[in-house]
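What follows is a single structure, written as structure tokens, with notes after it.
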Amino acid sequence: MLKTILPNQSIPSSYYDCRYFVLREPLGFPRGAEILADDNQAIHSYVSKEDEVVAVGRAHIIPPNSDGSAADHAGPDATKCPGFSPLSQNSNNRPAIQIRQMGTLTSERRKGLAALVLSNLEETSKHQFRAKFGFLQAREYAIPFYQSQGWKIIDEPYSIEGIGPHRSMMKQL
């Protein structure tokens with residue numbers, strides 16, 4: 001079942017459990033690294049099966065004075081992810097959202113669940129935030145998925161310390 005959480009609504013612990021198990025635990029991060037300081041200001045989407053959250057993602061509005069650069073995870077040692085050059089170069093690329101924290105349990109991959117979550121985040125962001133463009137930083141192995149969903153690579157490869165190779169991507173919503 002696909003669910004949506006709007007800003008300032010309660011986020012279930014099972015949502016954070018999935019984020020941790022998929023995105024942070026495999027990299028050796030401590031519990032708590034899956035929680036971001038602005039989670040209460042974001043849209044969250046997830047798929048649950050039999051009361052287990054199996055796929056997650058979130059979208060937040062990128063403030064008008066920001067290029068989208070931000071800490072990759074919670075905690076004092078978080079690496080800062082780079083900004084998105086199209087936000088600095090063209091004010092017509094706003095309002096813009098950033099998709100973050102997309103993940104699907106290994107046992108549930110290749111079933112279209114991430115596509116459901118991503119599409120829901122895109123559509124909800126258009127209504128909630130009036131977003132015109134979306135930006136994200138994709139792990140290297142996830143790039144083909146995002147491309148299949150209409151996202152375009154907008155930069156050269158870079159590495160986020162402790163996470164690995166990434167590419168920034170953009171989509172007109």
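Where a number appears in this text, it was derived from the coordinates with a stated rule and is not lab data. Remember, it's a predicted structure, so these values are computed and weren't measured experimentally. Counting neighbours? That spans all protein chains shown, and the Cβs are built from the backbone with ideal geometry, glycine included.
Tabulated values for the structure
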quantity	calculated
Added length on full extension, which subtracts the Cα-Cα distance from 0.36 nm per residue, Q172 to S91	27.8 nm
Cα Rg, Dmax, the chain, angstrom units	14.9, 46
Environment charge at E108 (Cβ cut-off 10 Å; Lys +1, Arg +1, Asp -1, Glu -1)	+3
Those GluC sites (Glu not before Pro) in region 1-69 that DSSP places in a loop and that have at most 13 other beta carbons within 10 Å	E50
Counted charge near Y141, where neighbours are those whose Cβ lies closer than 15 Å (Asp, Glu -1; Lys, Arg +1)	+3
For the chain, built as a Gaussian network whose Cα springs stay under 10 Å, the top-fluctuating residue of R139, R24, R110	R110
Mean Cβ neighbour count within 10 Å, used as a protection proxy, ranking 59-68, 143-152 highest first	59-68, 143-152
Full-stretch length increase - I153, D51 - with 0.36 nm per residue and alpha-carbon distance subtracted	33.2 nm
Charge dipole (debye, nearest 20) of the chain; +1 at Cβ of Lys and Arg, -1 at Cβ of Asp and Glu	520 debye
Alpha-carbon centroids, region 91-117 and region 1-54: separation in whole Å	12 Å
Computed lengthening from K3 to L27, 0.36 nm per intervening residue step minus Cα-Cα distance	5.9 nm
Neighbourhood charge, 13 Å Cβ-Cβ cut-off, centred on A131 and excluding it, Lys, Arg +1 and Asp, Glu -1	+3
Relative contact order %, the chain, counting alpha carbon pairs below 8 Å whose residues are six or more apart	21 percent
Ascending count of other beta-carbon atoms within 10 Å, so fewest first, for L23, L173	L173, L23
